[in-house]
Amino acid sequence: MKKIILITGGQRSGKSVYAEKLALSLSDNPVYLATAHVWDDEFKERVRKHQERRGEQWTNIEEEKYLSKHDIYNKVIVIDCVTLWCTNFFFDREADADTQPTVSEALEEIKKEFDKFTDKDNTFIFVTNEIGSGEVSGNAVQRKFTDMQGWMNQYVASKADEVIMMVCGIPVKIK
């Protein structure tokens, strides 16, 4: 039976650790689907620490955009994270500045991919960030991304069976 869980919160609020513990409580062999593009050595080290923390019982998949291309059925899947996944649709590394997708185009494409990916009998645990909870950025590109990511969070939450907000390592049930 399909179930969608969204875990949201601020940076270092305990989202990923909570998602991993939840997945392990539901399955002996969950799947960890990492959406990040590794930009630099510092981020590479973060990825390594995450992988080390998870251990061998996890199936690790790295996929920056098209999650639905992976044949994963009847599994518990942690998707970490929606924010970095959105980045991969918002900023096309193959395109120049004049041909980047608009916010509407990127949002439409990621929603379509979300729907295609979640149209399976799995337990999906999406991790995301509340990047719009701070002040409004002075940078126009950052404001556009914050808008897009906030709209995607709302979309995932509208489809979710449960929404949990992490505050200082404490899960607070929203839905």
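The values are calculated or read from the model by the stated rules, or taken from the named source; none is laboratory data. Given the structure is predicted, the values throughout are model-derived calculations rather than measurements. Don't worry about glycine lacking a Cβ; one is built from the backbone with ideal geometry, like all the others, and counts go over all protein chains shown. Quick note on the areas: whole protein, heavy atoms, side chains included, nothing else; ligands and nucleic acids left out. Shrake-Rupley method; radii C 1.70, N 1.55, O 1.52, S 1.80 Å.
When you scan segment 22-36, how many residues do you find that are surrounded by 15 or more Cβ atoms within 10 Å (Cβ to Cβ), in a loop (DSSP other than H, G, I, E, B) and either at pLDDT 95 or above or not aliphatic (A, V, I, L, M) (or both)? Steps first, please.
Initial filter on segment 22-36 (surrounded by 15 or more Cβ atoms within 10 Å (Cβ to Cβ)): 22-24, 27, 30-36.
So of that shortlist, the ones also in a loop (DSSP other than H, G, I, E, B) come out as 27, 30, 35-36.
Imposing the further condition that a residue be either at pLDDT 95 or above or not aliphatic (A, V, I, L, M) (or both) reduces the set to 27, 30, 35.
Here the count works out to 3.
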Within segment 92-118, of all residues that are part of a helix (DSSP H, G or I) and among the basic types (Lys, Arg), the one nearest to Lys175 (Cα to Cα) is Lys111
Picking from Phe114, Phe124, Phe43, Phe145, the residue that is touching a His at 6+ places or on another chain (Cβ under 9 Å) and not polar (S, T, N, Q) would be Phe43
Apart from one, (1) touching a strand residue (DSSP E or B) at 6+ places or on another chain (Cβ under 8 Å); (2) among the aliphatic types (A, V, I, L, M); (3) under 23 Å from Gly9 (Cβ atoms) all hold for Val136; the odd one out is (1)
Take the conditions over 16 Å from Gly14 (Cβ atoms), of a type outside the set (Lys, Arg) and open to solvent by less than 60 Å² (accessible area, probe 1.4 Å) and apply them to Asn129. Does it pass?
no
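Can you name every residue in segment 37-63 that is assigned to a loop (DSSP other than H, G, I, E, B), in contact with a Ser or Thr (Cβ under 8 Å, 6 or more places away or on another chain) and within 25 Å of Lys21 (Cβ to Cβ)? Explain how you work it out, then say what you get.
Initial filter on segment 37-63 (assigned to a loop (DSSP other than H, G, I, E, B)): 37-40, 55-58, 63.
Keeping just the survivors that are in contact with a Ser or Thr (Cβ under 8 Å, 6 or more places away or on another chain) gives 37, 63.
Result: Glu63, single match.
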Picking from Asp147, Asp121, the residue that is under 18 Å from the mean Cα position of the chain (by Cα) and either open to solvent by 30 Å² or more (accessible area, probe 1.4 Å) or not small (Gly, Ala, Ser) (or both) would be Asp147
In segment 94-144, residues that are closer than 25 Å to Lys3 by Cβ and of a type in the set (Lys, Arg) total 4
Matching residues in segment 66-86 (more than 10 Å from the chain's Cα centre (by Cα), closer than 25 Å to Glu130 by Cα and surrounded by 15 or more Cβ atoms within 10 Å (Cβ to Cβ)) number 4
